[in-house]
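First comes the structure, then the notes that go with it.
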């Protein structure tokens, strides 16, 4: 693999940063150089959150250039559209089919874009747009918070790491009592993306 | 051993391996994780200090007494600590002392984007600048050596993008044991800065700077990377990483020590390249220092001095300056006109209720359905402070009029009152911020017979930076039980007689307390107490809205609670976000009693 530039986006509290930490350790184990950078502090409180993950034999800038991300992993639909300009032409977008309307939408001062608008925005960058039912599957598994690991399961089909490496990294970052359900979420994610790719 | 570490974790590990014995800090993004990380080592002493000035003083005392010490803070934290920092620069140290200051270009989480590299020049102390986590780890060892060799505190400057990026670190050291313990040496001329002795210190400082400049010439992290000679780039910090990507073929002088500068090395490098540029974030700090040597160099003519840099911005500027040939890459369209998503107070936040009360008593906000009504003028000025609660300034709460720096709310409120404003003035400050630098403001208010109302939002933590302990929580930075500084006796001890403690989730009580405090001609204090929602162990009975009862008045939406959502037709509460019994503020406000525990409202629906 020459490089994998991955932009993870979502809303503060969805577990974006933990997801990118897990990818980071999987990259090291596999022998790649990795840099990642997150939004922390004030930006985190329910706001729009991004994590830049860059994997290559040698990485310099921790920030991905606009239009050069190989993958966009969006935990929320609006956040997929907002950051779509980071995708390279022909890159892969994996989008959790779930809407968290911002406050301005609830107060009626702004409008949440329709699904067709979001798809149009993404299609301007790439035809490889995959919607997955992350929040629904996580809820079915009994814990909405495993969404991030489900999304990692989706990514895993496009990243050059062994399944065992993924599972080890996930286990390292989670307390023992949460491992089982998260590994399940990971496997569900793998299954789901195989389904929607067909 | 290879580890994936953030810049802050690497700085902490580097300091620990360099034998640091005392570490101090006050939380502040992007510096917080340095102390959090080093505090895990139980064989050293680590503390959350009440503020950065105290942190600096404790670290200085430790260095005097022979322990390698570390004080870390965000860029504006060094403003607070600048007095003891200058003193440390004047007296020098005994054992090594390192001060880390983390800048925030782009003001991701700060009230300004000041360039703290100027502090090195002001204090005449050496400054080191890592450009990734490996260098952060490596430079800490050198920082302590330099400190001891030159008898000076050493400033280590990082930025958000270095502190909060993770990269691979080869951890190749273990904890060093200092060769000898240098216990405190009685030395009045060195440590007692009476004017007569302070004057003696000045020539020593100037000599020290000359020696440091000589040392900088061979400093191992000032590196020349030769490429093509038509372009030479002088750079440091994360800007180096960006510049290497933008100019993969150019020659580089990469500075790990950015004050004082290696003059000969710079001259030599400049003479070997056709065109010399500086790529640096914020002010032209390197550029102006290099220009002062009589060397022709450019940089800020095409690279912005405002905001955070990234490879795109450097590339764009370089094209304008004719540094890059070829046509610019296809412009990348940004998805415009999407609804914004600013940070918010959490569902169940203990600050929401009091801000709603201030907003309504102060006639500041109106429900969405009241669009047609004439806007009343606010009769209240709310001076604010720094923490999560600053988010109360956003719509729909609109309950904050100023936010300057830590602790400023109280002094500002008094100043407004003394200026003779016709409006009532309320100062709002968090518990950690009050202990940081609000106490002196309150002493001043009492002494000068202020009439303001001070509201202390006591959520029992330092929330915005990630829930650090503080003197009011009774737990130390290393997780041990300690003495608690109680707010009520503290405030009473200062001389305030009208002190009320109010439950943050009781709207009625909040309203009546604010009303009586505003009517009291003396200075009064309201402590609004309610634990930060992130600390709440139980979330039972999420609230729901009975659609039959609800007439869409929109009052509940005025709380700005992220759990309360509207699709334009019906207001609903997201049960996965609502904290339920622990809050109930929306239920207390609803004029039609349409909000209740989910089980109850669904039972009603069934009927």
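What follows is calculated from the coordinates using simple rules that are stated; it is not laboratory data. Here the structure is a predicted model, which is why all the values come from computation and not from measurement. With ideal geometry, Cβ positions are generated from the backbone for all residues, glycine too; neighbour counts draw on all protein chains shown.
Using Cα springs under 10 Å in a Gaussian network model of chain A, which residue among A:175, A:102, A:160 shows the largest mean-square fluctuation? Of A:175, A:102, A:160, the most mobile in the Gaussian network model is A:175. For the range B:29-91, the direction-averaged projected area of the alpha-carbon convex hull comes to 4.3 nm². D by Stokes-Einstein for the range A:44-100, Kirkwood Rh over Cα pairs, 4 °C, 1.567 mPa s: 106 µm²/s. The residue B:172 and residue B:482 beta-carbon pair, evaluated with R₀ = 45 Å, returns a calculated FRET efficiency of approximately 0.80.
If the convex hull of the alpha-carbon atoms of chain B is projected onto planes in all directions, what is the mean projected area in square nanometres?
Directional mean of the projected Cα hull area for chain B stands at 32.9 nm².
Pairwise Cα separations in the range A:5-161 fall into 10 Å bins from 0 onward with the following percentages, short to long: 11, 41, 37, 9, 1.
Shielding by partners for B:240-248, please: the mean number of other protein chain Cβ atoms within 10 Å of each residue's Cβ.
On the way: counts 2, 6, 5, 2, 2, 5, 3, 0, 1.
For peptide B:240-248, the averaged partner shielding equals 3.
Mean sequence separation of contacting Cα pairs (under 8 Å, at least six apart), scaled by the length of the range B:223-320, corresponds to a relative contact order of 30 percent. The modelled label-to-label distance between residue B:193 and residue B:118, using points 7 Å beyond Cα along the C-beta direction, is 2.0 nm. Angle, helix B:311-320 long axis vs. longest principal axis of chain B, Cα atoms, 0 to 90°, nearest 10? Helix B:311-320 sits roughly 60 degrees off the main axis of chain B. Relative contact order of the range B:543-606, taken over Cα pairs closer than 8 Å and 6 or more residues apart, is 48 percent. Put a dot 7 Å past the Cα of residue B:497, heading toward its Cβ, do the same for residue A:136, and the two dots end up 6.7 nm apart. Scattering from the range B:543-606 was approximated by placing one identical point on each alpha carbon and applying the Debye formula without solvent; log10 I(q)/I(0) at 0.13, 0.16, 0.24, 0.28 1/Å stands at -0.28, -0.43, -1.05, -1.48. Using only Cα atoms and rounding to the nearest 10 degrees, what angle (0 to 90) does helix B:507-519 make with the longest principal axis of chain B? So the helix axis and the longest Cα principal axis differ by about 80 degrees.
The mean sequence distance of close C-alpha pairs (under 8 Å, at least 6 residues apart), as a share of the length of chain A, puts its relative contact order at 21 percent. Peptide B:28-40 has a mean shielding of 1, counted as Cβ atoms of other protein chains within 10 Å of each residue's Cβ. Take the range B:352-535, drop everything but the C-alpha atoms, weight them equally and run the Debye formula without solvent; then report log10 I(q)/I(0) at 0.16 Å⁻¹ to two decimals. At q = 0.16 Å⁻¹ the computed log10 ratios are -0.95.
Note on the range B:511-560: along the principal axes its Cα atoms extend 46, 32, 15 Å, ordered by decreasing extent.
Considering only chain B, what is the antiparallel percent among its DSSP beta bridges, to the nearest 5?
On the way: 18 of 75 bridges.
Approximately 25 percent, going by the DSSP bridge assignments.
Normalised radius of gyration (Cα atoms, divided by 2.2 N^0.38 Å) for the range B:385-481: 1.15. Over chain A, dividing the summed -39,500 (n - 2.57) contributions of all DSSP H runs of at least 4 residues by the number of residues returns a 222 nm mean residue ellipticity of -12500 deg cm²/dmol. With each label modelled as a point 7 angstrom along the Cα→C-beta vector, the residue B:200-residue B:443 pair spans 3.2 nm. Legend: mean number of C-beta atoms from other chains within 10 angstrom of residue C-beta atoms, peptide B:166-173, equals 4.
Once you wrap a convex hull around the alpha carbon atoms of the protein assembly as shown, what is its projected area averaged over all directions, in nm²?
Numbers: hull surface 146.6 nm².
About 36.6 nm², averaged over all directions.
Highest mean first, how do B:281-288, B:205-212, B:107-114 rank when packing is the count of other Cβ atoms within 10 Å averaged over residues?
On the way: B:281-288: 21.9, B:205-212: 15.0, B:107-114: 18.4.
The peptides rank, most packed first, as B:281-288, B:107-114, B:205-212.
Could you order the peptides B:402-415, B:505-518 from most to least packed, using the average number of other C-beta atoms within 10 Å per residue?
Details: B:402-415: 22.1, B:505-518: 18.4.
Put in order of decreasing packing, that is B:402-415, B:505-518.
Where the alpha-carbon atoms of the range B:223-320 are placed on the principal axes, they occupy 32, 26, 23 Å, in descending order.
The Kirkwood hydrodynamic radius of the range A:84-160, based on inverse pair distances between different Cα atoms, is 14.1 Å. Measure nothing fancy, just the Cα-based angle from helix B:408-418's long axis to the longest principal axis of chain B, in degrees from 0 to 90, nearest 10. For helix B:408-418, the angle is close to 60 degrees. Given R0 = 35 Å, the distance between the Cβ atoms of residue B:593 and residue B:516 translates into a calculated FRET efficiency of 0.80.
Sorted from longest to shortest, the spans of the Cα atoms of the range B:114-229 along the three principal axes equal 52, 38, 29 Å. Based on alpha-carbon atoms, the Kirkwood radius and the radius of gyration of the range B:451-515 give Rg/Rh equal to 1.03. Computed from the C-beta positions of residue A:164 and residue B:1 and an R0 of 22 Å, the FRET efficiency is 0.60 to the nearest 0.05.
Give, to the nearest whole percent, the P(r) tail of the range B:30-156 beyond 17 angstrom, counting all Cα pairs. More than 17 Å apart: 55 percent of the Cα pairs in the range B:30-156. Listed peptides B:220-228, B:25-33 appear in the order B:25-33, B:220-228 once ranked by packing, highest mean of other Cβ atoms within 10 Å at the front.
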